Amino acid sequence: MLSATTLAIACVVLAAAFLQGTAGFGFIFFSLPILAWFIDFRLAVVTLMLLAQVLNLLILWQHGFRADWKSVVPLTVATLPGIPVGVWLLTVLPVIWLQGALGALLVFYALHQWLVRPAPRRVGPVWMALAGFTAGCLGGALSAQGPPILVYVSLQPWDKDRIKATLVGFFCTTGLFVGAMQAWQGLVTPEAMRLALVCAPFMVAGVLAGRRAYLRLGDGAYRALLTALVFALGLMLLGRSLGF
């Protein structure tokens, strides 16, 4: 029998996996703040990272590993030098300033997409490198490398399968570096592995349900979902920066 706390954690994992299975994004970003209410923050981070790697591989398999690897690899490489810059920013600027600035930018981007409705267009290598570097900075400062990549892929004239697979491919490659660093620091404990194993069936159920929801979405509806996620992330970050 699962304890009430473990069952609550598993339900959060199920809901977050459904979101990732539908949109290709949001598993850790949305579940981590909630899990931190129930268990130690470090344990939550490591448990979710273990689950996320399996989840990302499962989603990539569902999409035939059809990520745009010509973008994923340079994005991942561009992320690496941004990480120490983000760590440095964390030492010189208050976290609430960083969260507030990122939240405001994401809300502005979403509003621009809704009000101006720009047509998707191919984004050049300079913007790709900037997106990767910015993702590294945010990863080092806030453990939130996803939003710049989400914006980058949403601007591309790709179909929904390519967008989602590229998002997940990026999270998979960068997650390997993060997971290796966590293991090297001794953070991958037996407790984290046990909790991940307990939550794994709930994660699989969530991603399968998310896949069913994803298949019902057309390209336009999927892009609208991405924009709504960007807006929601921006509001969450603004709320955190204001103390909510």
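Every number in this text was worked out from the coordinates using simple rules, so none of it is lab data. All values derive from a computational prediction rather than experimental measurement. Neighbour counts are summed over all protein chains in view; Cβ atoms, including those assigned to glycine, are modelled from backbone coordinates with ideal geometry.
Roughly how many debye, to the nearest 20, is the charge dipole of the chain about its Cα centre, given +1 on each Lys and Arg Cβ, -1 on each Asp and Glu Cβ, and no other charges?
Details: 15 positive and 6 negative charges, 112 e Å.
Computed charge dipole of the chain: roughly 540 debye.
Run lengths n ≥ 4 of DSSP H only: what is the helix-derived mean residue ellipticity at 222 nm for the chain, with -39500 (n - 2.57) per run over all residues, to the nearest 500?
On the way: 10 runs with 202 residues, N = 244.
The per-residue figure over the chain is -28500 deg cm²/dmol.
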Between the stretch 52-90 and the stretch 174-211, how far is it from one alpha carbon centroid to the other, in angstrom?
16 Å
